[in-house]
Amino acid sequence: MPASLEMITLGVAPDLPSAAAQRSLASWLRSDDRLRDKVAVAAPAGATTSPGEAPAGATDVLTVAVGDAGAVMVLVQAIAGWLTHRREDVTVTLTRADGWSAELDVREARDMNRVTALIEAAVRAVAPQEA
């Protein structure tokens, strides 16, 4: 087990009012044995509500705990796979607490050079000593 886990937050845009795209992505990621226990749904940063009450105008976000370059690679490949099965124009944004972010959309997910570049950037951001 890695010494420290990095949290990557995933945003899906445009997010449908029912958050169907986000639920679909969460389900897709959890279907991968290597990601299943690393995917969580969390309230957006800064959201404050009473117990059992949803924040007004805010949807939950997906977080994925990654600990090494291999986990990041699996995550980006899984996101690209999910995007290639989407009919509507959807973009997934990956962000970290330190401000690093990257995006991948439906068209880019079909371009293996773009997916490879995103994997390399994500690996450098999460595990710079391994890159």
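Descriptive notes on the structure:
- Evaluation of Pro55 against (1) at pLDDT 65 or above; (2) surrounded by 11 or more Cβ atoms within 10 Å (Cβ to Cβ); (3) out of contact with any helix residue (DSSP H, G or I) (no Cβ under 8 Å at 6 or more places or on another chain) (one fails), failing number: (1)
- For segment 85-97, a residue qualifies if it is surrounded by 12 or more Cβ atoms within 10 Å (Cβ to Cβ) and either closer than 18 Å to Thr9 by Cα or touching a His at 6+ places or on another chain (Cβ under 9 Å) (or both), and the qualifying residues are Val90, Thr91, Val92, Thr93, Leu94, Thr95, Arg96.
- Some residue of segment 98-108 being in a loop (DSSP other than H, G, I, E, B), at pLDDT below 95, surrounded by 13 or more Cβ atoms within 10 Å (Cβ to Cβ) and among the charged types (D, E, K, R): no
- Some residue of segment 115-127 being surrounded by fewer than 18 Cβ atoms within 10 Å (Cβ to Cβ) and outside any helix (DSSP H, G or I): no
- Residue within segment 67-84 that is within 13 Å of Thr9 (Cβ to Cβ), more than 10 Å from the chain's Cα centre (by Cα) and at pLDDT below 90 present: no
- If the condition is being out of contact with any helix residue (DSSP H, G or I) (no Cβ under 8 Å at 6 or more places or on another chain), assigned to a helix (DSSP H, G or I), crowded, with 17+ Cβ neighbours inside 10 Å and modelled with pLDDT of 90 or more, then segment 1-46 contributes only Ala26.
The values are calculated or read from the model by the stated rules, or taken from the named source; none is laboratory data. The shown structure was predicted, so the numbers you read here are calculated from the model rather than taken from an experiment. Cβ: placed from backbone, ideal geometry, glycine included. Neighbour counts: every protein chain shown.
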